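Visitor: First the structure, which I've put down as C-alpha cells, then a few questions once you've had a look.
The values are calculated or read from the model by the stated rules, or taken from the named source; none is laboratory data. Model, not experiment: these values are computed from the prediction. Heads up, the Cβs are rebuilt from the backbone with ideal geometry, glycines too, and the neighbour counts pull from every protein chain shown. Please note that ligands, DNA and RNA were not included when accessible areas were found on the heavy atoms of the full protein model with its side chains. Shrake-Rupley method; radii C 1.70, N 1.55, O 1.52, S 1.80 Å.
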Amino acid sequence: MGLKRTGLLFYLEKLYSVLVGAGFVLVITRNLRPSEFGAWSVVSSVLSYASMATVVNYWVTRFRARGVLESLTTGLTLSSAFSLLSMALLWALSGAISSSFGVPYEAVLLSIAYLPFLYLNGAMYSALYAVNPPLAAVSEFVFETVKLLAALFFATTARVTLITAMLSVLAGHAGQTALLVAFTRRDLARRPSLEIAKRILAYSWVNALGLPASIVAMADVPLISHFASNRAVAYYTVVLTFSNLVSYSSTLGRGLYPSLLQSHENAGERVEEVLRFTLLLGVPTAFGAIALAPNLLYLLNPDYAVAGPALVAASLASLVGVVNGLLADALQGMERRDVELLDPAALRGTYIFRTVVVGLVRSVLGVSGVLVALFLTRGEVEVAAWARASWLAAEAAAFLMLYSLARGKVSLRRVAGSATRYAAASVPMCLTAVYINPWRIREAFLAVLAGGAVYFTVLYLIDGWFRRLAKTALGVLARR
C-alpha cells in the first residue's frame, strides 16, 4: 500500500477513535461519580510510568524493518521480563498508591493486569508497523471497537462502575492482542536472538534520554494550577479539544518512517510528498480553528468562549508540531549508522540522538515560557493564552533546529509553495464559516461541510499537485 493510502488509513482510524472514544467517555462519565473518574485518571498516570520500559520497542521497529526476523520474539522476550518486573513493583506499591491517592485497592490490583498487554502488544505492534503499517492501523480499529462494545455490554447488563470501566479497556487490549498474534504469527515462530537483545538494550539509552522530555512537558498543568488557578488550567487545557484535530493530520504521514527504514531511494522526494499530503488537511484545520475559536469553545461551554486567543496559539503550535514530527521521523528513518554493529556511545553522532535532544530542548523552552507567562501576567485567560504562545515559540525553535539538521536531505521549497496555496484556499473557507457563524452543534457541522467544499473547490483550481491527486483518487474509485 502506498504512503498516501497508508496515511489516509491511519487518519481515518484516528477520526474513528475520536468518535468511538467520545461514545465510550459518554457511557463512562454518565455512570461514574467524579471521584471515580478521577481515580481512573490516577490509575492511567500510574500505568504510564509503569510502562516506560516499552521504549525498547523503538528498536524492534528499526531492526524488523531492515529484515531482522528475530526482532519480534526478541522484543517480546524483553517485554515479558520488563512486564513481570513492573507487575511486581506495582503490586508492592499498590497499598501505598491506594491510600495516598484515594484509589480503590481493587482498582490498583486490576491495573496490574494491564501491564502484560501494554508491553506485549507494544512489541507486536512495533514489529507489524515496521513491515505492514496498514495492518497495524487495523489493530487500533479493533481496540477501539471492542472497548466500546464491552462498555455498552456492562451498561446494559450491569451497573457501570470503575472496575467494569477498566475491564472494558482491558477487553479492548485483549482484542487487539488476538489480532496482533494473527498478523505476526510467522515472526512468532522465530527464536529470540541474544545478540539482538544485547543491541536493543545497549542502544535504548538514547530513547531513555527522551523520557525526561515527557516528564518536563507534563509540568505545565501543575505549575499553572499552583501559581494561577484551576480555572486558568481549564482555559489552558480545553483548547486541546480542537487544536488536537490539527495534530491528527500528522497520521497522514505514519507510513513514512518504516518506508525510509526499508529503502532510501528517492527519500527526499518521499518526505516532501508526505509533508504536502499532511499539510493538505493540517493547514485548513488550523485556519478553521483560528477563525471560529470563540464559536468552537462556546459549544463546549459558554464560559470558555473567552479563551479564543489560547486556541489560536495552540492551533498554530499544533501545525508547526506536525511538520516537526515528520522531519524528526524523516531524519531517524534516513539514519543508517545503526545498521551495522555500533558502539552504543557512537549513537551520540546520529540523527536519532539529535532529534531526542531537540525534543528535550523543546520541552524545556515550553515549560520555561509557561513560567514566564505565570510571572508576567495576572488574568486567567491571559495566563492560558501566553502559556500556549510559549509552546508555539518552543515548536518554532524546534523547527529551526530540525530543519538545520535536515537541510541537504530535504528541500521545503515546493512544500512551502503548496502550503501557501493551502493557506490561500483556506481564506474563502474561513469567510464561509464565519458567515455561517455557528453557535450550535448542527450549525458547526454545516460550517465544516460548507467550508470544506469551498476549500477543496478553490484548491482544485489553484493547485496542480492537488488536481492530479484528486483525479487519481477519482480514477481509483471509478475502477473499483
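Visitor: List the number of the failed condition for Arg440; all other conditions in (1) touching a Leu at 6+ places or on another chain (Cβ under 8 Å); (2) crowded, with 20+ Cβ neighbours inside 10 Å; (3) not polar (S, T, N, Q) hold.
Guide: (2)
Visitor: Would you pick out the residues in the stretch 326-347 that are touching a residue at least 40 places away in the same chain (Cβ under 8 Å) and either assigned to a helix (DSSP H, G or I) or touching a His at 6+ places or on another chain (Cβ under 8 Å) (or both)?
Guide: Leu326, Leu327, Ala328, Asp329, Ala330, Leu331, Gln332, Gly333, Met334, Arg336, Pro344, Leu347
Visitor: Inside the stretch 211-242, can you point out the residues that are part of a loop (DSSP other than H, G, I, E, B) and surrounded by fewer than 18 Cβ atoms within 10 Å (Cβ to Cβ)?
Guide: Hits for the stretch 211-242 are Met218, Ala219, Ser229.
Visitor: Is it fair to say Ala396 is in contact (Cβ under 8 Å) with a residue 40 or more places away in the chain, farther than 23 Å from Val358 by Cα, of a type in the set (Gly, Ala, Ser) and open to solvent by less than 80 Å² (accessible area, probe 1.4 Å)?
Guide: Spelling it out, it is not the case that Ala396 is in contact (Cβ under 8 Å) with a residue 40 or more places away in the chain, farther than 23 Å from Val358 by Cα, of a type in the set (Gly, Ala, Ser) and open to solvent by less than 80 Å² (accessible area, probe 1.4 Å).
Visitor: Let me confirm something: among Thr278, Thr285, which residue is in contact (Cβ under 8 Å) with a residue 12 or more places away in the chain, polar (S, T, N, Q) and either touching a Lys or Arg at 6+ places or on another chain (Cβ under 6 Å) or open to solvent by less than 20 Å² (accessible area, probe 1.4 Å) (or both)?
Guide: Result of the check over Thr278, Thr285: Thr278.
Visitor: Also, quick follow-up: Based on this model, can you work out whether Gly333 counts as touching a Pro at 6+ places or on another chain (Cβ under 6 Å), farther than 26 Å from Tyr16 by Cα and buried (at least 19 other Cβ atoms within 10 Å of the Cβ)?
Guide: No: the conditions fail for Gly333.
Visitor: Any chance you could count how many residues in the stretch 348-390 are part of a helix (DSSP H, G or I), without any contact (Cβ under 8 Å) to a residue 24 or more places away in the chain and open to solvent by less than 40 Å² (accessible area, probe 1.4 Å)?
Guide: Residues meeting the conditions: 2.
Visitor: From the residues in the stretch 302-317 that are open to solvent by 20 Å² or more (accessible area, probe 1.4 Å) and either within 23 Å of the chain's Cα centre (by Cα) or in contact (Cβ under 8 Å) with a residue 12 or more places away in the chain (or both), which one is nearest to Leu275 (Cα to Cα)?
Guide: Leu316
Visitor: All but one of (1) under 22 Å from Leu72 (Cα atoms); (2) at pLDDT 90 or above hold for Ile112; state the number of the condition that does not hold.
Guide: So the condition that Ile112 fails would be (1).
Visitor: Which residues, taken from the stretch 428-453, are under 28 Å from the mean Cα position of the chain (by Cα) and in contact (Cβ under 8 Å) with a residue 40 or more places away in the chain?
Guide: Passing the criteria: Met429, Cys430, Ala433, Ile441, Ala444, Ala447, Val448, Gly451, Gly452.
Visitor: If a residue has to be surrounded by fewer than 19 Cβ atoms within 10 Å (Cβ to Cβ) and either in contact (Cβ under 8 Å) with a residue 60 or more places away in the chain or under 15 Å from Gly122 (Cβ atoms) (or both) to count, how many in the stretch 88-103 make the cut?
Guide: 2
Visitor: Sticking with this structure for a sec: Of everything in the stretch 422-437, what is open to solvent by 40 Å² or more (accessible area, probe 1.4 Å) and either of a type in the set (A, V, I, L, M, F, W, C) or touching a Pro at 6+ places or on another chain (Cβ under 8 Å) (or both)? Give them in sequence order.
Guide: Ala424, Val427, Leu431, Val434, Ile436
Visitor: Residue by residue through the stretch 149-168, note down the ones that are among the aliphatic types (A, V, I, L, M), open to solvent by less than 40 Å² (accessible area, probe 1.4 Å) and touching a residue at least 24 places away in the same chain (Cβ under 8 Å).
Guide: Those that are among the aliphatic types (A, V, I, L, M), open to solvent by less than 40 Å² (accessible area, probe 1.4 Å) and touching a residue at least 24 places away in the same chain (Cβ under 8 Å): Ala151, Val160, Leu162, Ala165, Met166.
Visitor: If you go through the stretch 149-183, how many residues are over 18 Å from Leu120 (Cβ atoms), in a helix (DSSP H, G or I) and of a type in the set (Gly, Ala, Ser)?
Guide: Matching residues across the stretch 149-183 total 5.
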